[in-house]
Amino acid sequence: MASIKEIAKKAGVSPSTVSRVLNQPDYQCRDHTARDRIWEAAIELHYAPNQAARNLRKSSSQDTHKTFYLNVLMTRSEAKQPDPFFTELLRIIESQIHNHGHILTNIWHMPDFSDDRKCNRLNLAQLVDELYAETDQHNNGLIIIGRCNQTVIKLLQKKFKNLISINRNSTNYAIDEVLCDGEKVACIATEYLISLGHSSIGYVGACYGEARYRGFQKTMAKHQLYLDPAFVCETHQTEREGYQAMEHFLKMQERPSAIYCANDITAIGLLKCMNRYRALPYRPAIIASDNIDQAQNIHPMLTTIALPKEEMGKFAIQLLLDRIQGGHESIIRMELEGRLLVRNSCSKLK
């Protein structure tokens, strides 16, 4: 883990300057390039973002003098059927905005923005214009939660200027982002199943353009394991579709001995279906990613890859405020790591 001194040495500044830049959104360096050098060094040296997040000030001196109006765009969660992971992340974002003394003016749910195929059929410019009109010019910054189409991002940049993405799929440096790489998360999950002796592994979740599906595929290929197309269930990652996926597996003659679900709520659907048909002998190992609150309240308790939601939310607001106040100009990508939480839903292959 990198230290403040190591970052300072690489960036060519004092340790005290590094500490101020990482922990104070309003701090202005005399050398206007110093802040960007510090962030770049922190990323390169893998400085633990949660340390900076824990040290965030609840409000800065500049915050008390100026109130910013911030908006949130949810692209992977529908208002009528929200994904609990994004709901929990939104609560953290709302709390951070309030703690910094700013105002959350709008929360939009636009799931079509996450699907490139649907975006090709939409009048994206008109939709973005409509969102902008709803702000009544109260739009100092926009927080995008979830994967977003690249064309949409470009249109949003023209209207909202200051953007940050919180995501499992990278924007490829289009805008500032706080990322827990879905591909790496999927690799951790799949490697764990393989370590338990499983080689016949299924996947349930989004597939098209999805980082977690890529990670699953890469890990299977790395171990030269056959990925049976019949064991891949493309879903919208809801509890209901997870339940339906398990019903699909139960009807099959040949079934996977383990299943990786792209998110927890889908896995919970599988487990509920499995519990309903508990008389049947089919009990695959199930692992997912997110670590939502419900994951430890289902039976069996869900083994999952925990995404650091608190740190993602806190760090995103810090970076957004820094950009609004002119603290940095280059695109900053902060990547946090997922953590394996072993519970009761995965067993060794018998």
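Worth a mention:
- Residue within the stretch 185-193 that is buried (at least 24 other Cβ atoms within 10 Å of the Cβ), in a strand (DSSP E or B) and not small (Gly, Ala, Ser) present: no
- Single residue of the stretch 172-184 satisfying the filter (within 12 Å of the chain's Cα centre (by Cα) and under 22 Å from Gln325 (Cβ atoms)) that is surrounded by the fewest Cβ atoms within 10 Å (Cβ to Cβ): Glu177
- Residue within the stretch 215-229 that is buried (at least 24 other Cβ atoms within 10 Å of the Cβ) and either modelled with pLDDT of 95 or more or charged (D, E, K, R) (or both) present: yes
Rundown of residues vs (1) surrounded by fewer than 24 Cβ atoms within 10 Å (Cβ to Cβ); (2) of a type in the set (Gly, Ala, Ser), yes/no style:
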| residue | (1), (2) |
| --- | --- |
| Cys261 | no, no |
| Ala267 | no, yes |
| Leu270 | no, no |
| Arg278 | yes, no |
| Tyr282 | yes, no |
| Ile287 | no, no |
| Asp293 | yes, no |
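- Count of residues meeting criterion [of a type in the set (A, V, I, L, M, F, W, C) and over 17 Å from the mean Cα position of the chain (by Cα)] in the stretch 110-124: 3
- Residue match in the stretch 331-342 (condition: modelled with pLDDT of 95 or more, outside the structural domain of Ser195 (by TED's automatic domain parsing), part of a loop (DSSP other than H, G, I, E, B) and surrounded by fewer than 18 Cβ atoms within 10 Å (Cβ to Cβ)): yes
- Filtering the stretch 291-315 to residues that are closer than 15 Å to Arg339 by Cα, assigned to a helix (DSSP H, G or I) and either modelled with pLDDT of 95 or more or in contact with a strand residue (DSSP E or B) (Cβ under 7 Å, 6 or more places away or on another chain) (or both) leaves Ala295, Met312.
- Of the criteria (1) at pLDDT below 55; (2) touching a helix residue (DSSP H, G or I) at 6+ places or on another chain (Cβ under 6 Å); (3) of a type in the set (A, V, I, L, M, F, W, C), which one Met1 fails: (2)
- Members of the stretch 199-231 that are over 18 Å from the mean Cα position of the chain (by Cα) and either part of a helix (DSSP H, G or I) or in the same structural domain as Asp115 (by TED's automatic domain parsing) (or both): Gln217, Lys218, Thr219, Met220, Ala221, Lys222, Pro229, Ala230, Phe231
- When Ile107, Ile92, Ile144 are checked against the criterion of being surrounded by 20 or more Cβ atoms within 10 Å (Cβ to Cβ), within 23 Å of the chain's Cα centre (by Cα) and not assigned by TED's automatic domain parsing to the domain that holds Thr235, Ile144 stands alone in meeting it.
- Verdict on Lys309 being under 30 Å from Val178 (Cα atoms), basic (Lys, Arg) and crowded, with 17+ Cβ neighbours inside 10 Å: yes
The values are calculated or read from the model by the stated rules, or taken from the named source; none is laboratory data. Computed from a predicted structure; not experimentally measured. Virtual Cβ from ideal backbone geometry, glycine too; neighbours counted across all protein chains shown.
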